[in-house]
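The values are calculated or read from the model by the stated rules, or taken from the named source; none is laboratory data. Computed from a predicted model, the values in this text were never measured in an experiment. Reconstructed Cβ throughout: ideal geometry from the backbone, glycine too, with neighbour counts over all protein chains shown.
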Amino acid sequence: MTLSALFVSSLGTVGLILVSMAVLAAIETAIPLHGRGRWGRAHLGSNLALTFLTFATNLAFNLALVMTLTWLRTLDFGLLPRLAPGGWLTGVIAVLALDFSFYAAHRAMHWIPGFWRFHRVHHSDPAVDVTTTIRQHPGESVIRYGFLGAFAIVLGVSPGAFAVYRVWSALNGLFEHANIRIPRRLDSLLSLVVTTPNMHKIHHSRVAKETDTNYGNITSLWDRSFATFTPSARGLDIAYGLDGLDAPALQTTAGLLGLPFRDAGASHGENSSVILPA
């Protein structure tokens, strides 16, 4: 695939994500988990600004990584081309491995203070809905793609499998952040395998011991395997955000972009008591 064709395809993916956001926003209006309060209205502008900034950042990284993977395929580089059985099973292994890279990156962003500085932009949202999904600092994109690229290159993931993972990851991310009411039993059943809205809401808690769980993106299997799973039923009543970061000036686009460079404390474990200067 040429660079121009890849660019057009990537723009199509962005369009799919925007349409999906609009659909989920409509569902949020029809069957909300929580009523839209003050922050539900106030965060919209800054969330969308960071979303489009993330689209631009990720587009550049995606183009570079897919072109690299395409070149490496001509060399039969990587573990999967040499060790995997081939066909659809190799694709499944690749998608699961890339999802594990997300889990690893996510845990690292919570426990490495320098990474947490960037990731807390996402966690500081006092209201979680579909617009929170891609509320990310550009620095977080660098971290995420560092992990994603390392896994993809070492494994020799095919461009096709990478594309499937990226689209699936983005769409499930929208779903798990959406402020929608799902029957408790259905959510609990789905969370046996996939990351669900109620399950992920727990990760956005102001309580550190809850924030330090449910890191997964597509599947809940990594959280279950590494003892970081909290049952989804707890997600029905969560106080979102980070204490000390609710000031309106910090919740603007400029405030969020500057947040990583303010005093952050030692680690994310202090997220329930971080007080920043005005």
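Looking only at residues that are more than 14 Å from the chain's Cα centre (by Cα) and touching a residue at least 40 places away in the same chain (Cβ under 8 Å) in the stretch 212-225, which one is farthest from ALA42 (Cα to Cα)?
Taking the candidates together, the pick is TRP222.
Return yes or no: is LEU75 in contact with a helix residue (DSSP H, G or I) (Cβ under 7 Å, 6 or more places away or on another chain) and hydrophobic (A, V, I, L, M, F, W, C)? If you could, list the steps in order and put the result at the bottom.
Details: in contact with a helix residue (DSSP H, G or I) (Cβ under 7 Å, 6 or more places away or on another chain): no; hydrophobic (A, V, I, L, M, F, W, C): yes.
Here the answer is no, as LEU75 does not meet what is asked.
Which residue out of VAL14, VAL66 is within 13 Å of ALA152 (Cα to Cα), surrounded by 12 or more Cβ atoms within 10 Å (Cβ to Cβ), in contact (Cβ under 8 Å) with a residue 40 or more places away in the chain and aliphatic (A, V, I, L, M)? Step through it out loud before you land on a result.
Numbers: VAL14 fails: within 13 Å of ALA152 (Cα to Cα).
Selected residue: VAL66, the only one of VAL14, VAL66 that is within 13 Å of ALA152 (Cα to Cα), surrounded by 12 or more Cβ atoms within 10 Å (Cβ to Cβ), in contact (Cβ under 8 Å) with a residue 40 or more places away in the chain and aliphatic (A, V, I, L, M).
This table checks each residue for (1) over 25 Å from THR29 (Cβ atoms); (2) more than 14 Å from the chain's Cα centre (by Cα).
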| residue | (1), (2) |
| --- | --- |
| HIS119 | yes, no |
| HIS123 | no, no |
| THR131 | no, no |
| ILE143 | yes, no |
| LEU155 | yes, yes |
| GLY173 | no, no |
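What number of residues within the stretch 123-153 are of a type outside the set (A, V, I, L, M, F, W, C), within 20 Å of ILE238 (Cβ to Cβ) and surrounded by fewer than 22 Cβ atoms within 10 Å (Cβ to Cβ)?
Selection size over the stretch 123-153: 1.
Check off (1) more than 16 Å from ARG144 (Cβ to Cβ); (2) at pLDDT 90 or above for LEU63 and give me the number that stays unchecked.
(1)
In the stretch 172-212, how many residues are farther than 22 Å from SER124 by Cβ and either surrounded by fewer than 16 Cβ atoms within 10 Å (Cβ to Cβ) or among the small types (Gly, Ala, Ser) (or both)?
Of the residues in the stretch 172-212, 9 are farther than 22 Å from SER124 by Cβ and either surrounded by fewer than 16 Cβ atoms within 10 Å (Cβ to Cβ) or among the small types (Gly, Ala, Ser) (or both).
Which pairs have Cβ atoms under 8 Å, sit 6 or more apart or on different chains, and link a residue in the stretch 123-139 that is without any contact (Cβ under 8 Å) to a residue 40 or more places away in the chain and in a helix (DSSP H, G or I) to one that is surrounded by fewer than 24 Cβ atoms within 10 Å (Cβ to Cβ) and small (Gly, Ala, Ser)?
Listed pairs, sorted by first residue: none to list.
With respect to ASN47, is the statement that it is touching a Ser or Thr at 6+ places or on another chain (Cβ under 7 Å), buried (at least 18 other Cβ atoms within 10 Å of the Cβ), within 18 Å of GLY160 (Cα to Cα) and touching a residue at least 24 places away in the same chain (Cβ under 8 Å) true?
For ASN47, the condition - touching a Ser or Thr at 6+ places or on another chain (Cβ under 7 Å), buried (at least 18 other Cβ atoms within 10 Å of the Cβ), within 18 Å of GLY160 (Cα to Cα) and touching a residue at least 24 places away in the same chain (Cβ under 8 Å) - is not met.
Is the stretch 253-262 home to any residue that is closer than 22 Å to ASP129 by Cβ, of a type in the set (Lys, Arg), touching a residue at least 12 places away in the same chain (Cβ under 8 Å) and out of contact with any His (no Cβ under 6 Å at 6 or more places or on another chain)?
There is no residue in the stretch 253-262 that is closer than 22 Å to ASP129 by Cβ, of a type in the set (Lys, Arg), touching a residue at least 12 places away in the same chain (Cβ under 8 Å) and out of contact with any His (no Cβ under 6 Å at 6 or more places or on another chain).
Being of a type in the set (A, V, I, L, M), out of contact with any strand residue (DSSP E or B) (no Cβ under 9 Å at 6 or more places or on another chain), modelled with pLDDT of 95 or more and under 19 Å from ASP246 (Cα atoms) narrows it down to one residue among VAL142, VAL128, VAL121; which is it?
Numbers: VAL142 fails: under 19 Å from ASP246 (Cα atoms); VAL128 fails: out of contact with any strand residue (DSSP E or B) (no Cβ under 9 Å at 6 or more places or on another chain).
Answer to the selection: VAL121.
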